[in-house]
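The values are calculated or read from the model by the stated rules, or taken from the named source; none is laboratory data. This structure is a prediction, so every number in the text was calculated from the model and none was measured. Backbone-built Cβ (ideal geometry, glycine too); neighbour counts: all protein chains shown.
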Amino acid sequence: MSGPVRYAMVGGGEGAFIGPVHRTAAAIAGNCRLVAGALSSDPDKARRSGAAIGLPPERSYASWRELLDGERGRSDGAEFVAIVTPNHVHAPVAIAALEAGFPVLCDKPLADTLEAAEAIGEAAARTGGLLAVTHTYTGYPMARQARELVAGGRFGAVRRVAVKYTQGWLAKAEDAAGKQAEWRVDPERSGLAGAFGDIGTHAFNLVEFVTGEKMTRLAAELRAAVAGRRLDDDGMALFHLENGGRGTLVASQVCTGDANGLAISVWCEEAGLHWDQEQPNHLRVAPRGKPEEIWSAGADRQYLGRPAMGVTRTPSGHPEGYLEAFANIYRDFADAVRGHVPEQPSYASLADGIRGMRFIQAAHDSSARGAAWTDIDGGGQ
């Protein structure tokens, strides 16, 4: 099969943030083409949204069920489905899409609850279908370079990790009134967690990606710093890695003045590495007994490894960031849909997505027991 991989989108209509990001990223990827959508749960808004981005009326569906039925019956139908809805819709759409024969690219977190995530996993096992999750930050060249250095063992064993994801956009009660915020503070739509589900899962995923190790247990304290909120907007955790490393994780959306402060530091036996996604083209490496180094992204940086070079589009000095990282996810997933799975995909796997939900559940359980140490796989002390 030749030409761009055809995809359909569920969610992401009028007023959405992440839907346009996905569509822009798919366009940058260059091997994807949006052909259909059910862009809102409101049929009128869905049709308006489809018309606004140029979808043919007959392929701008009033519901995701109509989309699956309609696209499955077309010779030129969508080859995969992208889900960009609030969390509580992920599982119903993903399971139905897999059962209808569509690969699925799902926004993070995988679902609203661990039980829903495991149901998705069961559907994928039952159907043999492909599902991936968009943990954006593993698509950055220098995050991938950090993984090559740390997980590859260049600087010895991991001793300590510090990861934080701090935002300030929900610092006041009135901040939760907007379209992007109101469902995130609603347990009926967001699920078990607030900030720890929305951005804490990114921090968790980045730790496991860069170190190449599983986080085994944690002791977490989650809270609603803004009075009246029903989900956490601020939290922290101590954690253990499987090979003996220790770490701290902070996820907060009430850190006034912070925009999108995701940063990770990893200290190994022979060097420390530091990456900040607000300065994504640089990786700071501090070797023992040697001058500090700044590693930079760029297609002409021949010292970078294959994983980083494989997702780099421009020469050094031309910033690549969030949209390009997302584009790497779409490019790799579209290749996988056509049967060409990359050696190190930019997307997170279904197993990664389920682990993210286990992290959320363990953090919630730990906090409910006064920050008791809790196993991520199994929930015990």
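Considering only residues of the range 337-368 that are more than 22 Å from the chain's Cα centre (by Cα) and without any contact (Cβ under 8 Å) to a residue 12 or more places away in the chain, which is nearest to Pro187 (Cα to Cα)? For the range 337-368, the residue satisfying everything is Ala368. Within the set of pairs 6+ apart or on separate chains, which have a first residue in the range 277-298 that is over 24 Å from Ala259 (Cα atoms), a second that is of a type in the set (D, E, K, R), and C-beta atoms under 6 Å apart? Within 6 Å, the pairs are Val285/Glu293; Ala286/Glu292; Arg288/Glu270. For Cys106, the conditions (1) touching a Lys or Arg at 6+ places or on another chain (Cβ under 8 Å); (2) in a strand (DSSP E or B) are fulfilled apart from (1). Within the range 1-49, can you find the residues that are surrounded by fewer than 24 Cβ atoms within 10 Å (Cβ to Cβ), in a helix (DSSP H, G or I) and touching a strand residue (DSSP E or B) at 6+ places or on another chain (Cβ under 7 Å)? Within the range 1-49, Ile18, Arg23, Arg47 meet the criteria.
Looking at Asn281, Asn243, Asn260, just one residue is more than 29 Å from Asp186 (Cα to Cα), surrounded by fewer than 18 Cβ atoms within 10 Å (Cβ to Cβ) and not hydrophobic (A, V, I, L, M, F, W, C), and that residue is Asn243.
Consider Glu182 carefully, then state whether it is outside the structural domain of Ala16 (by TED's automatic domain parsing) and either surrounded by fewer than 17 Cβ atoms within 10 Å (Cβ to Cβ) or without any contact (Cβ under 8 Å) to a residue 24 or more places away in the chain (or both). Break it down stepwise before answering.
Values: outside the structural domain of Ala16 (by TED's automatic domain parsing): yes; either surrounded by fewer than 17 Cβ atoms within 10 Å (Cβ to Cβ) or without any contact (Cβ under 8 Å) to a residue 24 or more places away in the chain (or both): yes.
Here the answer is yes, as Glu182 does meet what is asked.
I'd like to know if the range 247-258 contains one or more residues that are assigned to a loop (DSSP other than H, G, I, E, B) and among the β-branched types (Val, Ile, Thr). Checked the range 247-258: at least one residue is assigned to a loop (DSSP other than H, G, I, E, B) and among the β-branched types (Val, Ile, Thr).
Can you name the residue in the range 122-163 that is aliphatic (A, V, I, L, M) and part of a loop (DSSP other than H, G, I, E, B) and is also nearest to the chain's Cα centre (by Cα) among such residues? For the range 122-163, the residue satisfying everything is Leu130. Against the criterion of being more than 22 Å from Gln180 (Cα to Cα) and modelled with pLDDT of 95 or more, Gly50 does not qualify.
Please pick out the residue among Ala78, Ala82, Ala111, Ala117 that is under 16 Å from the mean Cα position of the chain (by Cα) and assigned to a loop (DSSP other than H, G, I, E, B). Please lay out each step first, then the result.
Working: Ala78 fails: under 16 Å from the mean Cα position of the chain (by Cα); Ala82 fails: assigned to a loop (DSSP other than H, G, I, E, B); Ala117 fails: assigned to a loop (DSSP other than H, G, I, E, B).
Being under 16 Å from the mean Cα position of the chain (by Cα) and assigned to a loop (DSSP other than H, G, I, E, B) holds for just one of Ala78, Ala82, Ala111, Ala117, which is Ala111.
Of everything in the range 50-64, what is hydrophobic (A, V, I, L, M, F, W, C) and in a helix (DSSP H, G or I)? Give them in sequence order. Working first, answer last.
First, pick out the residues of the range 50-64 that are hydrophobic (A, V, I, L, M, F, W, C): 51-53, 55, 62, 64.
Within the range 50-64, Ala51, Ala52, Trp64 qualify.
Cβ-Cβ contacts under 8 Å between residues 6 or more apart (or on different chains), taken from a first residue in the range 94-113 that is surrounded by fewer than 24 Cβ atoms within 10 Å (Cβ to Cβ) to a second residue that is of a type in the set (S, T, N, Q) and part of a loop (DSSP other than H, G, I, E, B), are listed as Asp107/Thr85.
For His135, are the conditions met, namely being surrounded by fewer than 23 Cβ atoms within 10 Å (Cβ to Cβ) and within 18 Å of Gly356 (Cβ to Cβ)? Break it down stepwise before answering.
Details: surrounded by fewer than 23 Cβ atoms within 10 Å (Cβ to Cβ): no; within 18 Å of Gly356 (Cβ to Cβ): yes.
Criteria not met by His135.
Scan the range 322-347 residue by residue and report those that are in a loop (DSSP other than H, G, I, E, B) and surrounded by fewer than 23 Cβ atoms within 10 Å (Cβ to Cβ).
Arg338, Gly339, His340, Val341, Pro342, Glu343, Gln344, Pro345
Any residue in the range 19-41 that's more than 15 Å from Ala52 (Cβ to Cβ): show its pairings with residues that are polar (S, T, N, Q) and in a helix (DSSP H, G or I) at Cβ separation under 8 Å, as long as the two are six or more apart or on different chains. Filtered contacts from the range 19-41: Ala29/Asn328. Considering (1) outside any strand (DSSP E or B); (2) surrounded by 15 or more Cβ atoms within 10 Å (Cβ to Cβ); (3) modelled with pLDDT of 95 or more; (4) of a type in the set (A, V, I, L, M, F, W, C), the lone condition that Ala299 does not fulfil carries the number (3).
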